[in-house]
């Protein structure tokens, strides 16, 4: 059993908020976390799965049914399939405002769900759930390479060999594109177009987003492309990393970068079938960059936002962590064991005026100072030793 970093938050937050919502991609472990909570909890709990016909039938009259269980903690899994329940939950909470009434689990951003206009602001705390993070996995010399290649989805990580990993990816991708996306958001997507878009985006991992170029290649409008990408972001498959703006006379890039949030899905779409093949693939540097960014972003709290920084004259920083409006850490990500500081990075450090600067490399769990305010370290070392100091 792998302990999840967000497990300890659930019980604590249910003592404070009427509703706690676990949000994250399909198959990332939300249901497992909820069921483990049920096992160790002493509360009266009602668990409902909105993909189960029998559970849906129980709620022929949802308001009456839930009012009969007002003394229970009601767990509603895959709520995106019944988005109208958001309105009802708001009504029930406002009538009886006590902590720990509902735990809801969702695989889609509520803002994009059809028929879910009601806000739960002030009543809910959202917990971002995610596939396995490197910091949750056992320390072993092969862990990081396996995790980077396979990604963090539990069934993908736990597969006994690469063939079984590939079989799981085949099933996941097909089900997600052909069924889940349409059902989650209540809209109609073209599976063929979505799959082609995914493949094209995989080849542009870490690139500046340009809907026009994708639209031209797929012979559809930029509006359609942007709509498809927005839903992929809302399903936690894609991360849009926005640029950081500072008061400077330099010309800044103002368009987001696009990354696949799970490196295993990226490698599957690129037909990279073994960890060894990845090391010789042209995408290896951008794959490593996206993997590191995602591992860090998963562990940030809501007060710290991730950005990238890039100017038209070549100054660039892969990841800038910002609290309020001030950068508190600048991170350059390189797939090399001997990084060197270039003119572009030095200019970025000067522009951003940040005291904490890092090179993250695929080294072992160690670190050293390259310059007084610039530390080189491995990813696990950064996640476990440096990041807690940054976000506290």
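The values are calculated or read from the model by the stated rules, or taken from the named source; none is laboratory data. For clarity, every value in this text was computed on a predicted model and none was experimentally measured. Neighbour counts are summed over all protein chains in view; Cβ atoms, including those assigned to glycine, are modelled from backbone coordinates with ideal geometry.
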Let me confirm something: among 147, 91, which residue is buried (at least 19 other Cβ atoms within 10 Å of the Cβ), over 18 Å from residue 234 (Cα atoms) and either touching a helix residue (DSSP H, G or I) at 6+ places or on another chain (Cβ under 7 Å) or outside the structural domain of residue 265 (by TED's automatic domain parsing) (or both)? 147
Which members of region 312-345 meet the condition of being closer than 22 Å to residue 294 by Cα and in a helix (DSSP H, G or I)? 345
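Could you tell me whether region 56-75 includes any residue that is closer than 27 Å to residue 152 by Cβ and either surrounded by fewer than 14 Cβ atoms within 10 Å (Cβ to Cβ) or modelled with pLDDT of 90 or more (or both)?
So the first thing to find is which residues in region 56-75 are closer than 27 Å to residue 152 by Cβ, and the list is 75.
Pick out the ones that are also either surrounded by fewer than 14 Cβ atoms within 10 Å (Cβ to Cβ) or modelled with pLDDT of 90 or more (or both) and you get 75.
So far as region 56-75 goes, yes, one or more of its residues are closer than 27 Å to residue 152 by Cβ and either surrounded by fewer than 14 Cβ atoms within 10 Å (Cβ to Cβ) or modelled with pLDDT of 90 or more (or both).
Conditions (1) buried (at least 21 other Cβ atoms within 10 Å of the Cβ); (2) more than 29 Å from residue 266 (Cα to Cα), marked per residue:
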| residue | (1), (2) |
| --- | --- |
| 300 | no, no |
| 306 | no, no |
| 324 | no, yes |
| 330 | yes, no |
| 336 | no, no |
| 340 | no, no |
| 345 | yes, no |
| 385 | no, no |
| 389 | no, yes |
Please work out if residue 137 is closer than 27 Å to residue 241 by Cα and in contact with a strand residue (DSSP E or B) (Cβ under 8 Å, 6 or more places away or on another chain). no
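What residue, among those in region 36-45 that are modelled with pLDDT under 90 and surrounded by fewer than 11 Cβ atoms within 10 Å (Cβ to Cβ), is farthest from residue 3 (Cα to Cα)? Give the derivation first.
Restricting attention to region 36-45, the residues satisfying the condition of being modelled with pLDDT under 90 are 36-43.
With the extra rule that they be surrounded by fewer than 11 Cβ atoms within 10 Å (Cβ to Cβ), the set shrinks to 39-40, 42.
Values: 39: 15, 40: 14, 42: 20 Å.
Among those that are modelled with pLDDT under 90 and surrounded by fewer than 11 Cβ atoms within 10 Å (Cβ to Cβ), it is 42.
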Taking region 323-334, which residues are modelled with pLDDT of 90 or more and over 22 Å from the mean Cα position of the chain (by Cα)? 326
Using the structure shown, decide if residue 48 is touching a strand residue (DSSP E or B) at 6+ places or on another chain (Cβ under 7 Å), buried (at least 20 other Cβ atoms within 10 Å of the Cβ) and within 23 Å of residue 233 (Cα to Cα). no
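Residues in region 278-292 that are in contact (Cβ under 8 Å) with a residue 40 or more places away in the chain and assigned to a helix (DSSP H, G or I): how many?
Here is the first cut: in region 278-292, the ones in contact (Cβ under 8 Å) with a residue 40 or more places away in the chain are 278, 283-292.
Remaining after also requiring assigned to a helix (DSSP H, G or I): 278, 284-292.
The total comes to 10.
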